[in-house]
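Quick notes on the structure that follows.
The values are calculated or read from the model by the stated rules, or taken from the named source; none is laboratory data. Quick caveat, the model's predicted, so the values are computed rather than measured. All Cβ positions, even for glycine, are placed from backbone atoms using ideal geometry, and neighbour counts span all protein chains on display. Note: areas computed on protein heavy atoms with side chains; ligands, DNA, RNA excluded. Shrake-Rupley method; radii C 1.70, N 1.55, O 1.52, S 1.80 Å.
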Amino acid sequence: MCGIVGIITAASNGYQQDELNVFRDLLVVDTIRGFDSTGAFGVSNKGNVGILKAAMTGGQFVTTKEYSEFTKDAYREGQFLVGHNRWATSGAVNDKNAHPFWVDDKIVLVQNGTYKGSHKHHKDTEVDTEAIAHVISENSDIEAALKKINAAYALVWFNTETKTLHMIRNDERPLYHADTKNGSVIFASEMEFILMAASRNKIALKDLPTLLDVHTLYSYQLDKTHIWKYNEKKLNCE
């Protein structure tokens, strides 16, 4: 079991401090879904990507100097923040094997889930999630890529070529999302995490968090105005 968390800001000039506090709190509480390591990636309003990950708990992670610098970048020009807490199911517990995985200078991905059987026919990687990232990178058609993946999954990834953040899940793993009243989006593997982090930082939600629809691709694409356009697409990727 692992956990995914994140927040997409509605602003075009970086995150507000209360939104950064939400992300911090999500990483800390999400540790109960994975004590082995914590990681995050941030995407700026220009599509630039930064990654930070380490074999430590969420509480340890958010108190590091490196995390402080990471959030300073998000405050200045961040657009997407995605976090992950790992419970190791394949591969050793170390900094390298923490999520996210960045492959081919194109796909930056986190996963909650496990591959069924060996993933080595996709890519000879230690961690199955890294192999999944390669499958998505090597197939321009997302639906075709997901049909090749025999796994339980909730996936969130950023494509540096299309400047798009994607998220999708199958019926074996959860992922909740909620819109805030100011137009931002908070997501997490557990509904209660969103409610806690939003309430603790006085961010009002439009409605209660809901599960992403199964096999539906949720996409947030940056445009030239340094903001994102949202789209949903049902896929046939059983």
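With r defined as the distance between the Cβ atoms of Ala152 and Leu205 and R0 fixed at 30 Å, what FRET efficiency is calculated, to the nearest 0.05? The partial results should precede the final answer.
Details: r = 28 Å, r/R0 = 0.93.
After rounding, the FRET efficiency stands at 0.60.
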(request) Considering only Thr225, Thr31, Thr210, give the residue with the highest GNM mean-square fluctuation for the chain, with springs between Cα atoms whenever their separation is below 10 Å. (result) Thr225
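Carbon-plus-sulfur fraction of the accessible area of the chain, 1.4 Å probe, in percent? Let's see the in-between values first.
Numbers: 4880 of 10140 Å².
That share works out to 48 percent.
Taking the inverse of the average 1/r across all pairs of different Cα atoms in region 103-238, what Kirkwood radius in Å do you get? Provide the component values of the computation, followed by the final result.
Details: mean 1/r = 0.0632 Å⁻¹.
Averaging 1/r across every pair of different Cα atoms and inverting gives 15.8 Å.
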(message) I'd like the accessible area for Ser219, computed on protein heavy atoms only with a 1.4 Å probe and all protein chains in place. Round to 10 Å², please.
(response) 10 Å²
(request) Over region 74-198, give the accessible area per residue in Å² for a 1.4 Å probe, as an integer. (result) 37 Å²
(message) So if I take the alpha carbon set of region 14-148, get Rg, then get Rh from the Kirkwood formula, what is the Rg over Rh ratio?
(response) 0.98
(request) Using a Förster distance of 22 angstrom, determine the FRET efficiency expected from the C-beta separation of Glu69 and Asp18, and round it to 0.05. (result) 0.65
(request) Could you tell me which label, among (i) 43; (ii) 70; (iii) 38, carries the value of percent of Cα pairs over 24 Å apart calculated for this structure? (result) (iii)
(message) Can you give me the solvent accessible area of Met56 with a 1.4 Å probe, rounded to the nearest 10 Å²?
(response) 50 Å²
(request) Name the residue, out of Phe23, Phe35, Phe80, whose mean-square fluctuation peaks in a Gaussian network model built on the chain with Cα pairs under 10 Å. (result) Phe35
(request) Please identify, among Thr64, Thr180, Thr160, the residue showing maximal mean-square fluctuation in a Gaussian network model of the chain using a 10 angstrom Cα cutoff. (result) Thr64
